[in-house]
Each structure stands twice: as structure tokens, then as C-alpha cells.
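The values are calculated or read from the model by the stated rules, or taken from the named source; none is laboratory data. Remember, it's a predicted structure, so these values are computed and weren't measured experimentally. Cβ atoms come from the backbone with ideal geometry, glycine included; neighbour counts cover every protein chain shown. Quick note on the areas: whole protein, heavy atoms, side chains included, nothing else; ligands and nucleic acids left out. Shrake-Rupley method; radii C 1.70, N 1.55, O 1.52, S 1.80 Å.
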Amino acid sequence: MPTPLPPDWTDRLALDRAHVWHPFTQMQVHEADPPVPVVGGEGCDLLLANGERVLDGVSSWWTCLHGHGHPRLVSALERQAAKLDHVMFAGFTHEPALELVVRLRPKLPPNLTRAFFSDDGSTAVEVALKMAFQAQLQRGETGRDRFGALRGGYHGDTLGAVGVGELDNFMTGLFRPLLLACERLEVPEDPRREVSPDLAGWPERLEAARQSMAAFFATHGERLAAFIAEPLIQCAGGMRMWPPELLQELRAQCDAFGVYLILDEVATGFGRTGTFLASEQAAVAPDLLCLSKGLTGGTLPLSMTWATEELYGHFWGTPASGRAFLHGHSYTGNPIACAVACASLALFDDEPVLANAAALNEAMTAAFTALTAHPAVRQARVLGTIGACRLVDPATGAAHDTEDRFGWRLHRRALDHGLLVRPMGDCLYLLPPLSTPPARIHEAAETLLGLL
């Protein structure tokens, strides 16, 4: 049983229940099962109001890179807040934004030369979609009124981002009448990422997927302004890991049909897949790159959309030309967030961040190999520091009934055992801070084996 909360949290939870609307939540659930109060963070752990600590096994929605409360990030925040808290970015600039560009650009594909700042992953995607569409118009491609995307994808919750996400799920189908036109392409999962792969017939399936992609572009390519994808892994789509060869084919097809390639590395960037960007593993450079989440190490909201010089050139002109990109946000390029992002990037140079990620990959592979011993676990797979598996009813081998809410119940029971996991449907995954000691991953696997 969990430790009881201190008395003062009774009133605070009543206040939460009376006024706060939580994300991705049917609020009726919190009438009987209130949200868990968190009072602090330390390294890879969250500190709860009842005095317990839990391993942040999901990096607080995939944002926390270096652990909670990293002193260099906190120090950068304090120094910048005392110097310049914020200034509008239209017509002004400042040192933290420029330093961030200088620090980040060498880590990106060299064709990406122009950075547009915004606030979160959804808006980074919105910016990329609008840029691609407007650039096509301004280079004379007036018939490109649609986008391409991978089936099962997720790119955020604003309407443009929803429009290129998967429509056939509970989150987005409701908004279908409001969305932009999008054609969807299915790619197979990569069995080579599984801890016990069955590769029978895989070369044939991979070639068939290439042919399917070519057929998709032959049908739709002339009308697409851009194609958007998360490289190598569709995170919110259920941690679906797909082949780098198909990312290379996607780049080739976009080039052949004059389609801009948008890579959404909001969740996959900053070492999560073992390399700084996931797309490095396929040696693919996009025309537009979306970054957020780990950009500030999970400390403050910030995002960037990087573009090529070719694309940027289609917006160049006099004020009267109407070619400007008329988009912005009140907190665009916030100096405090930029300063923290600079400190986070400096850690990649000053600390063994990617070496830690490699050690975490070994621990994750061992942990998910151990989980395969449980009859409830199927399709255990690992990419970089991300481990995932499919959960089934061990008695039948079938998926759990949605009404049973097995994932939610597992999430709450795991908290009682010092572990934060948050399954997505039948997908159980671990995606901890890169600073997590490997031994903690082994402990997490033991905890899960006892709870499944």
C-alpha cells in the first residue's frame, strides 16, 4: 500500500478536482482516483508528496534528458532570468537564441541553415507544414494541396498536426471535418529491433514495402506539398520501430516528385535512439526538421523548426511581395528557454551523454529480454534508450479489453512500487532520462515482472 499523503494535500486535491482540467484524461476518473502529487525531482526520480520517490520511466512525457534538477540547467535558468526574462522576437534578437543556433547547427545535417523558434512540438510541426505549403506555392507549384504521412503517426494536438496524424484512433477521428487533406502510407515494423527476432521472409517484405512506397508516390506525389514522418520509430503510435532503408527510400521518392520531407524528431532527437538524431542512422537529411521536448533537457517549453536554404529562398522578397512567413508566438525565442537549451547542449560536449545512452541501451535490451519470459509479453523490442513490448492477456494471448483499463491499473500499481510507466493501449514502454543508472532499468524490469 502507498504511504498516505500529508493532511494539507486533502484540500489541494479538492482544489484540483474543482478547477483543473488535465490532459489526455477523462476527468471523471479523478473523482475516485485523484492525480498523484509531485513535490520535487532529483536525477532520474520524481519525489511524491507522501515522501516516496519513483523512477521517471517515461522522462515526464519524453522530455527529461539529463535528469531532473540538473544543476547546470538550473544555474543557466537563474542567470538568464536575472539578465533578460523575455523580449518579443519580431524585430529583436538576443544572445541566448544566437548561441543556441551556433551550438545546435553543427549537430544537424549541414543542409539545414535556417532556424524558426516556437514553443512546443505541435507548433514546430505546424510551422513546418505551413512553410512547406507556402514554399510550394511561391515556387509556382499551385497544385500541391495535400500532405503525406505515415499511418499510425502522431505529430501533436493542434489541428494541423492532428491532420497529419492517425485519424483512425480515439484522439483525432472526432476532428476529421476540420482537418487538412492527407494521404497515409503504411510501413512495416522492423523485426530486427526485436530481442528475439523472426526474420523469415523479411527481405521480401522489405522489398514489398519499397514497392508500395513507390506506388504511393506514383499515385499521390504530384499533389503533395510535403511528407512528414518520425524517423525510425513512431513513438505515440505505439513505439512502432520501422526500417531505416524505408526512410532512405522516402527521401528518394520525395526528391523524385519535388516533395519536401519533414522529419519530426520532437521525441526521437537528442540521443533517444542512440545517435543525436534518429535520422543519422539512415544518413538522411530532411528539408524541414522539427525539434522540441529534449531541446531544453525537459526544463522549459521551446521548439525549433530548421529549414534548408533552398526552402528559405522562396520566402525572400520585398515587404510588398507577400512572400514573408507570417507566423509567430508571444514567447518565440524566449531567452530563458534558449539559455537552458544551450546548457543542455553543452552537456553533450562536457559529459558522456551518448556513452550513457549506449550503456542504457544494453540495460534496456537485457531488461526487455527478461520480460519476454512472462506470458503476457509479446514483441519486445529496443531502439537506443527506448524499450517496448506488447501486453496481452496471458490466459488467451489476446489483447486486453479496452474497458478493463489494464494499462491504467498497471500504471497505478507500478507507482506503488517506485516506478512510473504509462502504457499506451497495449504498448508498455520504458523511456527514462539518459542519466538513469543501468541498474535502475534492471530493477524496473523486476518490478514489472512482479506486476504483470
Cut-off under 5 Å, modelled amide H: who pairs with H400 long-range: D393
If eta is 0.890 mPa s and T is 25 °C, what Stokes-Einstein diffusion coefficient results for segment 125-179, Kirkwood Rh from Cα pairs, in µm²/s? 206 µm²/s
On the protein heavy atoms, probe 1.4 angstrom, tell me the percent of accessible surface of the chain carried by carbon and sulfur. 57 percent
So what is the relative contact order for segment 176-323, in percent, with contacts set as C-alpha pairs under 8 Å and at least six apart? 17 percent
Report Rg/Rh for segment 256-305, rounded to two decimals, where Rg is the Cα radius of gyration and Rh the Kirkwood radius. 1.02
Quote the charge dipole size of the chain about the Cα centre in Debye, to the nearest 20; the model charges only the Cβ of Lys and Arg (+1) and of Asp and Glu (-1). 520 debye
The answer for I233, listing residues at least 5 apart or on another chain whose modeled amide H is closer than 5 Å to its amide H, is W242
Considering the convex hull of the alpha carbon atoms of segment 20-68, report its projected area averaged over all viewing directions, in nm², one decimal. 4.0 nm²
With θ taken as phi - 60° and the coefficients 6.51, -1.76 and 1.60, list the Karplus ³J(HN,Hα) couplings across segment 130-140 in order, rounded to whole Hz; mark glycine and proline as x. 5, 4, 4, 5, 5, 4, 4, 4, 7, 9, x
Quick one: grab the alpha carbon gyration tensor of segment 61-108, order the square roots of its eigenvalues as a ≥ b ≥ c, and give me rounded if a/c is under 1.5, else prolate or oblate depending on whether a/b is larger than b/c. oblate
Protection proxy ranking of 376-383, 437-444, 16-23, 287-294 - average other beta-carbon atoms within 10 Å, highest first: 287-294, 376-383, 437-444, 16-23
Please list, or write none, the aspartates and glutamates whose alpha carbon is within less than 14 Å of the alpha carbon of K83, excluding same-chain residues fewer than 8 places away. E95
So what's the projected area for the chain, the Cα convex hull averaged over all directions, in nm²? 22.8 nm²
Treating segment 320-388 as a set of equal point scatterers at the Cα positions, no solvent, please give the Debye-formula log₁₀ I(q)/I(0) at q = 0.15, 0.18, 0.21 Å⁻¹. -0.72, -0.80, -0.89
Before I look further, what does segment 151-194 give for accessible area per residue, probe 1.4 Å, in whole square angstrom? 49 Å²
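From the gyration tensor of the Cα coordinates in segment 248-386, what semi-axes in whole Å does the equivalent ellipsoid have, largest first, with each one equal to sqrt(5λ)?
Values: eigenvalues 241, 94, 34 Å².
Over the Cα atoms of segment 248-386, the semi-axes work out to 35, 22, 13 Å.
Could you give the Stokes-Einstein D for segment 178-333 in µm² per second, using the C-alpha Kirkwood radius, 4 °C, 1.567 mPa s? Show your work: numbers first, answer last.
Working: Rh = 17.5 Å.
Stokes-Einstein gives a translational diffusion coefficient of 74 µm²/s.
Take peptides 425-434, 87-96, 274-283 and line them up by average Cβ neighbours within 10 Å, highest first, as a rough protection proxy. Numbers along the way, then the final one.
Details: 425-434: 23.7, 87-96: 13.2, 274-283: 19.9.
Top of the packing list down: 425-434, 274-283, 87-96.
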How much space per residue, in cubic angstrom, does the convex hull of the C-alpha atoms of segment 290-336 take up? 98 Å³
Provide, in order from the shortest bin, the percent of all Cα-Cα pairs of segment 1-150 in each 5 Å bin, continuing until the bin that contains the maximum pair distance. 2, 6, 9, 11, 15, 14, 12, 11, 9, 6, 3, 1, 0, 0
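Top to bottom by accessible area (1.4 Å), largest first, where do H70, H220 land? Write out the running numbers ahead of the final one.
On the way: H70 30, H220 50 Å².
Largest accessible area first, the residues go H220, H70.
Over all alpha-carbon pairs in segment 5-91, figure out the percentage whose distance exceeds 22 Å. Please list the in-between numbers first.
On the way: 1867 of 3741 pairs.
Result for the distance tail: 50 percent.
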Evaluated at q = 0.16, 0.21 Å⁻¹: base-10 log I(q)/I(0), Debye formula over Cα of segment 329-452: -0.81, -1.11
Per-residue HN-Hα couplings for segment 361-367, Karplus 6.51 cos²θ - 1.76 cosθ + 1.60 at θ = phi - 60°, whole Hz, x for Gly and Pro? 4, 4, 5, 5, 4, 5, 5
Tell me, what is the percent relative contact order of segment 181-242, built from C-alpha pairs under 8 Å that lie six or more residues apart? 39 percent
With -39,500 (n - 2.57) per DSSP H segment of 4 or more residues and division by the full residue count of the chain, the 222 nm estimate, nearest 500 deg cm²/dmol, is -11000 deg cm²/dmol
What percent do you get for the relative contact order of the chain when only Cα pairs under 8 Å and 6+ apart count? 22 percent
